[in-house]
1. For the range 159-177, which residues satisfy the criterion of being modelled with pLDDT of 90 or more and closer than 19 Å to residue 382 by Cα?
2. So, of the residues in the range 50-72 that are modelled with pLDDT under 95 and either under 20 Å from residue 173 (Cβ atoms) or under 18 Å from the mean Cα position of the chain (by Cα) (or both), which turns out to be surrounded by the fewest Cβ atoms within 10 Å (Cβ to Cβ)?
3. Answer yes or no: is there a residue in the range 114-135 that is outside any helix (DSSP H, G or I), crowded, with 23+ Cβ neighbours inside 10 Å and touching a residue at least 24 places away in the same chain (Cβ under 8 Å).
4. If I filter the range 241-265 down to residues being touching a helix residue (DSSP H, G or I) at 6+ places or on another chain (Cβ under 6 Å) and at pLDDT 95 or above, which single residue comes out as surrounded by the fewest Cβ atoms within 10 Å (Cβ to Cβ)?
5. Among residues belonging to the range 51-62 that are assigned to a loop (DSSP other than H, G, I, E, B) and touching a strand residue (DSSP E or B) at 6+ places or on another chain (Cβ under 7 Å), point out the one that is farthest from residue 28 (Cα to Cα).
6. Output the residues belonging to the range 237-269 that are under 17 Å from the mean Cα position of the chain (by Cα) and under 25 Å from residue 217 (Cβ atoms).
7. Any residue that is part of a loop (DSSP other than H, G, I, E, B) and farther than 30 Å from residue 284 by Cβ - is there at least one of those in the range 67-83?
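The values are calculated or read from the model by the stated rules, or taken from the named source; none is laboratory data. All figures in this text were calculated on a predicted structure; none of them were measured in a lab. Every residue, glycine among them, receives a Cβ derived from its backbone with ideal geometry; neighbour counts consider all protein chains shown.
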């Protein structure tokens, strides 16, 4: 099979040395470094992205110099997709000031804020009844734009705002020229593997930021001392630590979380570090992503009850949202971020998704505000 080049954008976005960012980039960046795919040899898909045998097949299929870049979706027995690509690692480009394009946007909420508050109330009743301890419920904005946005425009705008440390643009079909593209800038590291070192930084417990400095500081302090948010956060940390102990030693997690800020929210975060157990067949970064995903940060506790509650109350909104996106190489090293602060772009249709963790003590109106702030990150990027 002949490798497929990724078509180039006509504008130069990268400054000196002059490099061309593709119109529909295949890229994953952390901090100030980006891996940009230039040719795709093959695209591997699976109806069940959680199948460890498929993960092994993806890693085994890599040729020297290649990386597999792709995504796992959210639900049980749901798709996974990885592109076997050659590319280049380079500094993340500076944002480019572009001529403004006049656009009209038609926006539809799924569900409305009022209906979402009712969903939270329903979930709280289930929590009180003991059916589930935590469940993450989401809502979407569907945006139709004329003329359509392009993935490279969204990425360039994300370079201006940087709402998360992990910037990505990944086509989620084998059609690199016309299919859907998952774009975003996630603040949450699901897992990173470098040799035998494994790192995770889960986020759970959030509050919208304020433009007033004193109020913003007060909100951060309130989150840091919130019993409800600490309980929500502990669900996630405990689940990750428990899962890592199956394949790792020296699993270390902080006793209390720290504050993590983005452009629109404060989060509670806990850096977790471990080492792969000696004498075992080392799981690749993709296998570790399968092991950990979905964490209670995007699903709930217990997971089976959370899945059922999400399916009943939220419906089929997520698809690739609240999954994970990243890369793995032939040595098994790689990095995956949770697919949040993201959008799914399909020609003139853009879907934005945001969720909030519902636990005992959650207040429906505050969860509406939290999801609104999260949706606002990507809404701002696309010009809403």
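1. Within the range 159-177, 165, 166, 167, 168, 169, 170, 171 qualify.
2. Here the residue is 51.
3. Looking through the range 114-135, at least one residue is outside any helix (DSSP H, G or I), crowded, with 23+ Cβ neighbours inside 10 Å and touching a residue at least 24 places away in the same chain (Cβ under 8 Å).
4. In this case the residue turns out to be 259.
5. 61
6. 260, 261, 262, 263, 264, 265, 266, 267, 268, 269
7. no
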